[in-house]
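Working notes, beginning with the structure itself.
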Ligand SMILES: [Zn+2]
């Protein structure tokens, strides 16, 4: 019945002090969950990015292939242009040759006819009819010869012009091929541009997720700190209430408590020594000579040896002085009503409110308070009630 009333009081305190935390603020677990969701969204975006980058690589490859095809065709066009220039030059040479030959023939023929007026004709007549015929034949043959020459040049020129026509046709084919390839390249480039902007967008999204993750992590840490603080206050209040309410008959009060320690066991609090000089239980007190419960174990160790936190938690007491025989001592709250005590210390390294981690150095072995030599007096308490420490180590 008393326990029930106590529970109601504790719950009331928790609700009163933490209602804002419970109903308005998100817990560290909420933030952890949000981080997981953000992480999985980020992972999805990263997969997407990989996919887009793969496509982009392919598209860039295609653009580069088309570009190199365009270069090849442009080179071919330039070669064909060179050929056309050469052919033009040859054709104009042939034209010059032709006009020279035609002039020459004209001159020969007109010379023959002009001469035929008097002296040339006289020469023909005076030489007799036979000579006239042979001279006439000679002129005729010369004319024929010149004509043949002219025709040969004309044929050669015609061949060159045909050839030029062929080359020009080939060139214009290549030119249309080039403009076709340029169109294709523009199309592929458009695809590259689209993929690039998609890539940028996804990258921005990933950056945004990273920022969110950092912010959520910070919020989670803040929430965890607040929760530990609330647990510390609750534990301290529960312990205080327990101590003041009853000290008799407490055989079953710990049955509801279950350890939530990360490893299931506390860490040995004095790394340099395993020697227990006095165990837990009723004994004759070494100084007072009375039968009394020894609420912890004594671990004999050198003065100044390290004392470490048996489990992570919050320091709820760090006190210098005689302290009713404890000497300089520390109490750490681990949540769920669990506390550990470290007594007779020569030095204390942590203060009330500090968060300590499992194995963190918190004090030094000494012989302060009611003590006959250097040792660590170590206690485990659940809801303020001492327990045999070896059951928890
Ligand atoms: Zn002791």
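The values are calculated or read from the model by the stated rules, or taken from the named source; none is laboratory data. If you're wondering where the values come from, they're calculated on a predicted model, not measured in any experiment. For neighbour counting, all protein chains shown are included, and Cβ atoms are generated from backbone atoms with ideal geometry for every residue, glycine included.
Observations on the model:
- Residue 316 vs. criteria under 27 Å from residue 227 (Cα atoms), out of contact with any helix residue (DSSP H, G or I) (no Cβ under 7 Å at 6 or more places or on another chain) and part of a strand (DSSP E or B): no
- When segment 363-381 is limited to residues that are more than 11 Å from the ligand (Cβ to nearest atom) and buried (at least 23 other Cβ atoms within 10 Å of the Cβ), the one that is farthest from residue 265 (Cα to Cα) turns out to be 366.
- Search result, residues across segment 340-355 that are within 16 Å of the ligand (Cβ to nearest atom) and either part of a strand (DSSP E or B) or on the phi > 0 side of the Ramachandran plot (or both): 340, 341, 342, 343, 344, 345
- Matching residues in segment 306-332 - criterion: being within 16 Å of the ligand (Cβ to nearest atom) and at negative phi: 307, 310, 322, 326, 328, 329, 330, 331
- Filter result for residue 45 (more than 30 Å from residue 216 (Cβ to Cβ), surrounded by 17 or more Cβ atoms within 10 Å (Cβ to Cβ), in the same structural domain as residue 201 (by TED's automatic domain parsing) and within 26 Å of the chain's Cα centre (by Cα)): no
- Residues (free of Cβ contacts under 8 Å to residues at least 60 places away in the same chain, out of contact with any helix residue (DSSP H, G or I) (no Cβ under 7 Å at 6 or more places or on another chain) and outside any helix (DSSP H, G or I)) located in segment 358-393: 360, 361, 362, 363, 368, 371
- Top-ranked residue in segment 195-243 [being modelled with pLDDT under 65 and either in contact with a helix residue (DSSP H, G or I) (Cβ under 9 Å, 6 or more places away or on another chain) or not assigned by TED's automatic domain parsing to the domain that holds residue 63 (or both); ranked as surrounded by the most Cβ atoms within 10 Å (Cβ to Cβ)]: 242
- Test for residue 327: is it surrounded by fewer than 21 Cβ atoms within 10 Å (Cβ to Cβ) and more than 30 Å from residue 227 (Cα to Cα): no
- Boolean, residue 272 is within 13 Å of the ligand (Cβ to nearest atom), more than 20 Å from residue 232 (Cβ to Cβ) and in contact with a strand residue (DSSP E or B) (Cβ under 8 Å, 6 or more places away or on another chain): no
- Looking at 70, 9, 91, just one residue is at pLDDT below 90 and either in the same structural domain as residue 206 (by TED's automatic domain parsing) or closer than 30 Å to residue 179 by Cβ (or both), and that residue is 9.
- Filtering 343, 364 for residues that are over 24 Å from residue 228 (Cα atoms) and not assigned by TED's automatic domain parsing to the domain that holds residue 230 leaves a single hit, 364.
- Exclusive hit being at pLDDT below 85, surrounded by fewer than 17 Cβ atoms within 10 Å (Cβ to Cβ) and in the same structural domain as residue 376 (by TED's automatic domain parsing), set 256, 290: 290
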